[in-house]
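Here, each number is a calculation from the coordinates, and none is a lab measurement. Not measured: the values here are computed from a predicted model. Quick reminder, even Gly has a Cβ in these numbers, built from the backbone with ideal geometry, and neighbours come from all protein chains shown.
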Amino acid sequence: MNNPTVEEDDLEKYSSAITLSDMEIFVFPELLYALLLANVMSPRVWAWLDDPWFAKIDTMSPSKKINRLKQYIIDHYEFNLDLDTWGLTDQESEMKRFEPFMSRETISDSNALFGYQGDKHYFDLDIRRHFGLEKYNDTAIPYWKTETVEAMDAFARKDEYRVGAGECVSLSTLYAAALFIICKVPLEDIFLMATPLHSQNFIAYNDGFLTNNRRIVTKNMWFNGTELTDKAQRALRNERITMVMNNTGIVHCIYDEMSMEPAEYERFKRQVGDYLSTPITFEILANFLRQHSQFQKCFQICHDYHGKKRWIPAERAYAYEHAGPFKVSDNTRDKLLEEIDSDEFYCDPLPKRICMPKLEEFFKDNPILHYDAESMAELGKKLECRNAQKNEMLAALADFVHLEPEFPTLGKKVSKPWKKIELTAEMGRDEVIKTIESIRDENPSADLAFYSLRDMTRCDWAPFLKAALERNPACIQATKELSDDELFQTLEKMNSESIYDGPRLAQPDEIWNFQTGDGLEKAILLADVWKTRHPDEIIELDVQTGRAHMTLGTKTISFESNKGLTRSCHL
């Protein structure tokens, strides 16, 4: 088929669909959904259906399907945010690059790598030290490139990794693709969300759940008060949501126009709001005390043991939760108390402490809503304590049970609607690809998806080559001590298997990081390094069936290629 031609004004965006750095996705939000669609079209996730782990997936309940998928991802992928994987760039270069599309002030106010500080509580530590950037100069920033599923899988080739790996955007788009392909979750119920420092998905199923890096957070988990959940909440509690998208379009905090159907955006906000709110019950109060341990000193627990009553400070009971599966907050409390050493208990009630079992009776069939002032005042009477301010406790409790995220603002103009991406669970992979390809002219993410997929039979080569020669610094840095001849020899000896199937191509840093690549991919890596060493020399690439020939000034070199592609060009 004839490759489309990308206009000069669109080259930056389309080349960004290849490199997919966090910065690029913020400026060009269409890229995030393009990566999801690339993973949906990739054979890698479809191959999971043949894994014995998913043998009976169609017979499982929806919640069991999702938990099975979660365990598969936990077992096969690590979270990776290594600064050196994809090399470094600098603030000024990236500011200049993105200035035609977004002002410097806007980027600085919205992106952590360019000055965004978010909520003071969340950014109370030096953000550059937090990410390990203090070892570089003040303007250096990493190319945090989002990996396709193929690049994620390829991390297993590296000695320091036992399985695949990826950063938060990589994991969120992988999760979204797998939820559709493996668990048959409708695309319209999968909402991708990004904040300045994180990417996660909200799945509008039953009470809803979040995918958060490798894990899944159900509504019950959101309110369990554990340290793990507290970490999972940080982005939504302390950062604004910069973009939201599903298969109908995008809403972005910076751009005036939204392409998502307004009804879909309202549904998203409503369902997320329901997920992030819960009535106050005794279990919720006990979960709250687990997270806000400073208030535990107001409470005690009475326990019948061998026919006698005994009392224990709440903080001592919570301390024992770490040793096993039993909790203060649920019906396993008696088992927890039975495992605690006898000398932790008192024979008489502790003065001025609230008895949790009596409080449990107050909550019986009487859940309290955080916005009901009368009920909250009644609860306040039960929480009188000399060890803490009652109003402070009530305010913290109300905050615990209800979160209002900072969504992209209302009043967005609705742009020309994007063609809805209508994929169904009954479709096979070939039909999915055919459907996405059929709407390339009507949906920007669908068009960009083929560039993220790296299918060079369906793409203009110019964006791929632009990305390869401009944004792959890791291989240049790693080979700087090699002479030209040593560089040739290193590439010739390198494994010749591509991490991408068929006519799809890896970028130079992917080849170098994973030490494997088809001959055509090696040729493009060589061009990237050569361009840096010999900027005035003309590089010619001639790809014929089975071979990739290169002319580098007066030198020629040839690599065997199995990509089945033909191309001649000057670089």
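Among 22-29, 525-532, the peptide with the highest mean count of other Cβ atoms within 10 Å heads the list, and the full ranking is 22-29, 525-532. Against the chain, whose longest principal axis is taken from its Cα atoms, helix 62-76 shows a tilt of about 60°. By the beta carbon rule, with partners counted only under 4.7 Å, the chain holds these lone Cys residues: Cys168, Cys183, Cys253, Cys302, Cys347, Cys355, Cys459, Cys475, Cys569. Computed about its Cα centre, the charge dipole of segment 472-570 is approximately 160 debye, with only Lys, Arg, Asp and Glu carrying charge at their Cβ. Taking all Cα pairs closer than 8 Å and separated by 6 or more residues, the relative contact order of the chain comes to 17 percent. Compared with the dominant Cα axis of the chain, that is its longest principal axis, helix 227-238 is turned about 70°. Sorting Met193, Met41, Met95 by the number of Cβ atoms found within 10 Å of their own Cβ, with the fewest placed first, yields Met95, Met41, Met193. Counting every other Cβ atom within 10 Å of each residue's Cβ, Arg240, Arg162 order from fewest to most as Arg162, Arg240. Ranked from largest, the principal axis spans of the Cα set of segment 282-401 equal 42, 29, 27 Å. A Förster radius of 25 Å, combined with the Cβ-Cβ distance separating Lys96 from Ile74, puts the computed FRET efficiency at roughly 0.05. Given a cut-off of 17 Å, what percent of all Cα-Cα pairs of segment 371-485 lie beyond it? Cα-Cα pairs in segment 371-485 separated by more than 17 Å: 77 percent. Charging the Cβ of each Asp and Glu at -1 and of each Lys and Arg at +1, and nothing else, the dipole of the chain about its Cα centre rounds to 1620 debye. Take the Cα of Ser568, step 7 Å toward its Cβ, do the same at Gln489, and the gap between the two points is 3.3 nm.
DSSP beta bridges fully contained in the chain are about 85 percent antiparallel. Rg/Rh, computed from the Cα trace of the chain with Rh as the Kirkwood radius, has the value 1.04. Between 0 and 90 degrees, the angle of helix 519-533 with respect to the longest Cα principal axis of the chain falls at about 90 degrees. Distance from the alpha carbon centroid of segment 411-485 to that of segment 7-81 works out to 13 angstrom. Listing Thr281, Thr106, Thr173 from fewest to most neighbouring C-beta atoms within 10 Å gives Thr106, Thr281, Thr173. How big is the C-alpha Rg of segment 472-570 next to the rule-of-thumb value 2.2 N^0.38 Å, as a ratio? Rg over 2.2 N^0.38 Å, computed on Cα atoms: 0.98.
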